[in-house]
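Enquirer: Let me begin by handing over the structure; questions about it come next.
The values are calculated or read from the model by the stated rules, or taken from the named source; none is laboratory data. None of the values given here were measured: they were computed from a predicted structure. Cβ coordinates were reconstructed from backbone atoms using ideal geometry, including for glycine residues, and neighbour counts include every protein chain displayed.
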Amino acid sequence: MEGNHSRRLLVLGAGPAQLGLLAAARRRDLFVIAVDRDPAAPGFQYADRRAIISVEDEQAIEHLATADPVDGVIAPGIDWPVAIAARVSERLGIPHPVSSESALLATSKLRQRERFAASGVPQPRYDVCSSEAEAAAAADSLGYPCVLKPIDRQGQRGLTIVEEPEALGAAIEDALRESRSGVFLVEELVDGPEVTVNAFTVQGRFHPLTVTDRVVASPPAFGVALAHVWRSSLDPQTVGAAVEAASAAAEALGIEDGPTYTQLRIGREGPRVGELAARLGGGHDAELCAAALGVDLNGLALAAVLGDEIPERALVPIERAGGACVRFLVAPPGELRDVEGVEDACAVEGVLDVRLYRRAGHRFGELRHGSDRAGAVIAVGATREEALARAGRAAECVRFDTVVEALASHT
Ligand SMILES: Nc1ncnc2c1ncn2[C@@H]1O[C@H](COP(=O)(O)OP(=O)(O)OP(=O)(O)O)[C@@H](O)[C@H]1O
Ligand SMILES: [Mg+2]
């Protein structure tokens, strides 16, 4: 019954990236309206009402939020709707942790780079391009290998590492095809280990929480995360420098409140901010933080979006494990028929959760983007190595039964 719920929350997205937040909202006394264009989105199981609309359809979202007024709008796990949530909240006059100006900065890789440059936040050297000639000149001056990416996409869409001039044309085509604006960046490749800084800001005070190693796939799946591992294997000084850079990045974008997810690679001259997202991470990072440090990032994000006061103690990290990780699952290409072994995987010591992203009938391609991943295992252990080993054992239990249908011949 709707009347029994004290407050109404609009959640943009009901996919794998929003599962944790939606489950946390479900556990509270909230009426949850979830938006996703995919009627089979797994997060809908936690919603009181589902709206089958795109998370990018600002008009429809605003209509939904006004027709039956909501107390908060949140976009966990994916970038583009972060700015929509901020703007709609502003127009509705309801509390929101991030101003629409900051949200806009955070959802444009270019605006973000410009702001970082103005504020002295360490980042890769870059050039803005919209044509082949510009890109060729930029790549020549930055040197190979370099990285191409649209300014307004995420999930590795249109993202390519370019090893040599001969490969530039295809990368430009890909970046332009994916770019909403026709604009893309050519960046210096920062070659070194990568960390993610998960943090939460309260009234301008940045609280760093889990700093995790991002284990990534190789090209053609460049940049796709295969695991997030806590604690980081880097030395404390480097971790500290990464936290400082993430904090400076949040300040540069004017983030006063709420969660941030900052990706950094450690180059020869220190950490370089790849990108800051003004939201919870999309790879079960909040659940990893709870398992590692006992800090409920999902709960904090809910409090921030509803304008609730956040007590200091909610942010105090108390280690719950020596190591923790999220390990993503990858299925063989083909149409998914069945998944076996999930119970066995859940029974492996230290495994907290096994999540499956797709239902039978889904067609998996070769791993190229984050969205090609099939699920994830969350595990803890006495050390990071033990957590990883346990997650590995659990992953081996899960068998994705996929079928490649004979391709119709066109000859
Ligand atoms: N200039 C760079 N130097 C080194 N690695 C990079 C660079 N740009 C991107 N990467 C790699 O690609 C990953 C994704 O990059 P980025 O965040 O820019 O793209 P995205 O499409 O937003 O992906 P995601 O959704 O994972 O954030 C990074 O985490 C990093 O591993
Ligand atoms: Mg990114």
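Enquirer: Take the residues of the stretch 254-280 that are within 15 Å of ligand 1 (Cβ to nearest atom) and among the aliphatic types (A, V, I, L, M): which is farthest from residue 187 (Cα to Cα)?
Expert: Result: 280.
Enquirer: Counting just the residues of the stretch 87-115 that are in a loop (DSSP other than H, G, I, E, B) and not small (Gly, Ala, Ser), which one comes out farthest from residue 275 (Cα to Cα)?
Expert: Top of the filtered list is 94.
Yes/no per residue for (1) farther than 30 Å from residue 233 by Cα; (2) in a helix (DSSP H, G or I):
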| position | (1), (2) |
| --- | --- |
| 167 | yes, yes |
| 171 | yes, yes |
| 182 | yes, no |
| 187 | no, no |
| 191 | no, no |
| 200 | no, no |
| 206 | no, no |
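Enquirer: Right, something else. Please identify the pairs in which a residue from the stretch 69-81 that is closer than 15 Å to residue 98 by Cα and of a type in the set (Lys, Arg) has its Cβ atom under 9 Å from the Cβ atom of a residue that is within 15 Å of ligand 2 (Cβ to nearest atom) and at pLDDT 95 or above, counting only partners at least 6 apart or on another chain.
Expert: Cβ pairs passing all conditions: none.
Enquirer: Working carefully through the options 190, 186, 195, 202, find the one that is crowded, with 20+ Cβ neighbours inside 10 Å, modelled with pLDDT of 95 or more and more than 11 Å from ligand 1 (Cβ to nearest atom).
Expert: It is 202.
Enquirer: Can you find, within the stretch 38-71, the residue that is modelled with the highest pLDDT among those that are surrounded by fewer than 19 Cβ atoms within 10 Å (Cβ to Cβ) and hydroxyl-bearing (Ser, Thr, Tyr)?
Expert: 54
Enquirer: May I ask you to verify whether residue 118 is without any contact (Cβ under 8 Å) to a residue 60 or more places away in the chain, over 22 Å from the mean Cα position of the chain (by Cα) and either under 22 Å from residue 244 (Cβ atoms) or part of a helix (DSSP H, G or I) (or both)?
Expert: Against the criterion (without any contact (Cβ under 8 Å) to a residue 60 or more places away in the chain, over 22 Å from the mean Cα position of the chain (by Cα) and either under 22 Å from residue 244 (Cβ atoms) or part of a helix (DSSP H, G or I) (or both)), residue 118 does not qualify.
Enquirer: Now for a separate question. Only one residue in 284, 228 is within 12 Å of ligand 1 (Cβ to nearest atom) and either over 15 Å from the mean Cα position of the chain (by Cα) or closer than 29 Å to residue 23 by Cβ (or both). Which one?
Expert: On the way: 284 fails: within 12 Å of ligand 1 (Cβ to nearest atom).
Exactly one of 284, 228 is within 12 Å of ligand 1 (Cβ to nearest atom) and either over 15 Å from the mean Cα position of the chain (by Cα) or closer than 29 Å to residue 23 by Cβ (or both), namely 228.
Enquirer: Among the residues of the stretch 227-259, which ones are closer than 16 Å to residue 106 by Cβ and of a type outside the set (A, V, I, L, M, F, W, C)?
Expert: Selection gives 247, 251, 254, 256, 257, 258, 259.
Enquirer: Looking for something within 16 Å of ligand 2 (Cβ to nearest atom), touching a Pro at 6+ places or on another chain (Cβ under 9 Å) and of a type outside the set (Lys, Arg) - is there at least one such residue anywhere in the stretch 100-110?
Expert: For the stretch 100-110, residues within 16 Å of ligand 2 (Cβ to nearest atom), touching a Pro at 6+ places or on another chain (Cβ under 9 Å) and of a type outside the set (Lys, Arg): present.
Enquirer: Working only within the stretch 370-402, note down all residues that are closer than 30 Å to residue 160 by Cβ, of a type in the set (A, V, I, L, M) and over 25 Å from the mean Cα position of the chain (by Cα).
Expert: Within the stretch 370-402, none qualify.
Enquirer: Only one of (1) part of a helix (DSSP H, G or I); (2) on the phi > 0 side of the Ramachandran plot fails for residue 361. Which number is that?
Expert: (1)
Enquirer: Could you check residue 91 against (1) basic (Lys, Arg); (2) under 17 Å from the mean Cα position of the chain (by Cα); (3) more than 15 Å from ligand 1 (Cβ to nearest atom) and say which number it fails?
Expert: Condition (2) is where residue 91 drops out.
Enquirer: So, of the residues in the stretch 122-158 that are among the basic types (Lys, Arg) and touching a Leu at 6+ places or on another chain (Cβ under 7 Å), which turns out to be farthest from ligand 1 (Cβ to nearest atom)? So that I can check it myself, show each step before the final result.
Expert: Within the stretch 122-158, the first condition is being among the basic types (Lys, Arg), and the residues that meet it are 125, 149, 153, 157.
Adding the requirement that they be touching a Leu at 6+ places or on another chain (Cβ under 7 Å) leaves 125, 149.
On the way: 125: 9, 149: 5 Å.
The selected residue is 125.
Enquirer: Also, quick follow-up: How do the pairs read when you match residues in the stretch 154-177 that are touching a residue at least 24 places away in the same chain (Cβ under 8 Å) with residues anywhere that are among the basic types (Lys, Arg) and assigned to a helix (DSSP H, G or I), using Cβ under 7 Å and keeping only pairs 6 or more apart or on different chains?
Expert: Every condition considered, the pairs that remain are 158/177.
Enquirer: Of all residues in the stretch 169-200, which are among the hydroxyl-bearing types (Ser, Thr, Tyr) and either touching a helix residue (DSSP H, G or I) at 6+ places or on another chain (Cβ under 6 Å) or closer than 15 Å to residue 130 by Cβ (or both)?
Expert: Matches in the stretch 169-200: 179, 181.
Enquirer: Give me the pairs: first residue in the stretch 57-68 and farther than 18 Å from residue 13 by Cβ, second residue part of a helix (DSSP H, G or I) and modelled with pLDDT of 95 or more, beta-carbon distance under 9 Å, and six or more apart or on different chains, which are they?
Expert: What qualifies is 66/88; 66/91; 66/92.
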